[in-house]
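Visitor: One structure is given below, represented as structure tokens, and several questions about it will come after.
The values are calculated or read from the model by the stated rules, or taken from the named source; none is laboratory data. All figures in this text were calculated on a predicted structure; none of them were measured in a lab. We place every Cβ from the backbone using ideal geometry, glycine too, and count neighbours over all the protein chains shown. Calculation scope for accessible area: heavy atoms of the full protein, side chains included, ligands and nucleic acids excluded. Shrake-Rupley method; radii C 1.70, N 1.55, O 1.52, S 1.80 Å.
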Amino acid sequence: VIGWFVFVIALFTYFSTIEPNFSFWDCGEYISSAIKLEVTHAPGAALFQIIGAVAAIFAFGDSGSYSLVINGMSALCSAFTILFLFWTITHLVRRLLTQQVKNITYIEEIGILFSGVVGALCFTFSDTFWYSAVEGEVYSMATLFISALLWIITRWENESEEPDNERWIILIFFLLGLSVGVHMMCMLVIPAVCFIYYTRKYKFT
């Protein structure tokens, strides 16, 4: 519930400060190519353009609203990034304290949730992320993929002893493949995913 509350804060922040048109650099190119499903500069962003074309439907043919709608798509992606970040932070802080959820005291639980709120809101209002969250660029959707992939491996960690735990690993590979259609920087999450997998599966001193 607190995570969704942080999500609403981020969503309100980005929607209230959204770019009314397109910014400088690549935004105009990405917005126009998404509307008409054309080709952008290499290496391309096919998935971003497809999702952007779906979002452009909600402009209802008003050419002056295309930029605003796709900027809104970036704002929505960024708000979900903050939600996944909150869940990931609370998971990692809990793991610092104990491996079992049932062993957490009430005071520790407050500390875990407080850490998640502070970390997520700090990222919400950070300059670089906020700058990308309000414009039609690929970086907001790319950070959504990164945060989702990192959160999924924490979900796997919680269920690593279950017989069907591999479904989370399969989902990671699937989303990782999709993320290439947005931006290659999503590959940066692979070392973190592998590290969490390794520390759960293997004992070391």
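Visitor: Relative contact order for the chain: what percent, with Cα pairs under 8 Å and sequence separation of 6 or more? Mind dumping the intermediate values first?
Guide: Details: 254 pairs, mean separation 54.2, N = 205.
After rounding, I find 26 percent.
Visitor: Sticking with this one: For the chain, which DSSP H helices look membrane-span-like by this rule: Cα extent along the axis of 24 Å or more and mean Kyte-Doolittle of at least -0.5?
Guide: Values: long enough: 66-97 (47 Å, 1.32); 106-124 (27 Å, 1.49); 138-158 (31 Å, 0.94).
What comes out of the filter, once short or polar helices are dropped, is 66-97, 106-124, 138-158.
Visitor: Can I ask one more? Tell me, what % of the accessible area of the chain is carbon and sulfur with a 1.4 angstrom probe? Mind showing how you got there, number by number?
Guide: Numbers: 8000 of 11310 Å².
Of all accessible area on the chain, carbon and sulfur atoms account for 71 percent.
Visitor: Distance from the Cα centre of segment 40-84 to that of segment 118-185, in angstrom?
Guide: Between the Cα centre of segment 40-84 and that of segment 118-185, the gap is 17 Å.
Visitor: Next question, about the same structure. Based on the Cβ-Cβ distance of ILE104 and TYR198, what FRET efficiency does E = 1/(1 + (r/R0)^6) give at R0 = 35 Å, to the nearest 0.05? The partial results should precede the final answer.
Guide: On the way: r = 24 Å, r/R0 = 0.69.
Efficiency, from the Cβ-Cβ distance: 0.90.
Visitor: Also, I was wondering about something else. Among 6-15, 78-87, how do they line up from the highest to the lowest mean number of other beta-carbon atoms within 10 Å? Show your work: numbers first, answer last.
Guide: Details: 6-15: 18.8, 78-87: 24.5.
Final packing ranking: 78-87, 6-15.
Visitor: For the chain, with only Lys/Arg (+1) and Asp/Glu (-1) charged at the beta-carbon, what is the dipole magnitude about the Cα centre, in debye rounded to 20?
Guide: On the way: 9 positive and 16 negative charges, 121 e Å.
Once rounded to the nearest 20, the dipole reads 580 debye.
Visitor: Not counting ligands, DNA or RNA, and with a 1.4 Å probe, what is HIS41's accessible surface area in Å² rounded to the nearest 10?
Guide: Only protein atoms counted, so the area is about 70 Å².
Visitor: So what's segment 6-152 giving for Cα Rg divided by 2.2 N^0.38 Å, two decimals? All intermediate terms of the calculation are to be shown ahead of the outcome.
Guide: Numbers: Rg = 17.7 Å, N = 147, 2.2 N^0.38 = 14.7 Å.
Normalised Rg, Cα atoms only: 1.21.
Visitor: So for the pair ASP62, PHE174, with labels modelled 7 Å out along Cα→Cβ, what separation do we get in nm?
Guide: It is 3.6 nm.
Visitor: What is the calculated FRET efficiency for LEU188 to PHE24, with r their C-beta to C-beta distance and R₀ = 30 Å, to the nearest 0.05? Intermediate values should be presented prior to the final figure.
Guide: Working: r = 25 Å, r/R0 = 0.85.
After rounding, the FRET efficiency stands at 0.75.
Visitor: For segment 1-43, report the accessible area per residue in Å² (1.4 Å probe, heavy atoms, rounded to an integer).
Guide: Details: 2820 Å² over 43 residues.
Per-residue accessible area for segment 1-43 comes out at 66 Å².
Visitor: On to the next question. Ignoring ligands, DNA and RNA, how do TYR30, TYR131, TYR198 rank by accessible area with a 1.4 Å probe, largest first?
Guide: Values: TYR30 15, TYR131 130, TYR198 105 Å².
Ranked from most to least accessible, the order is TYR131, TYR198, TYR30.
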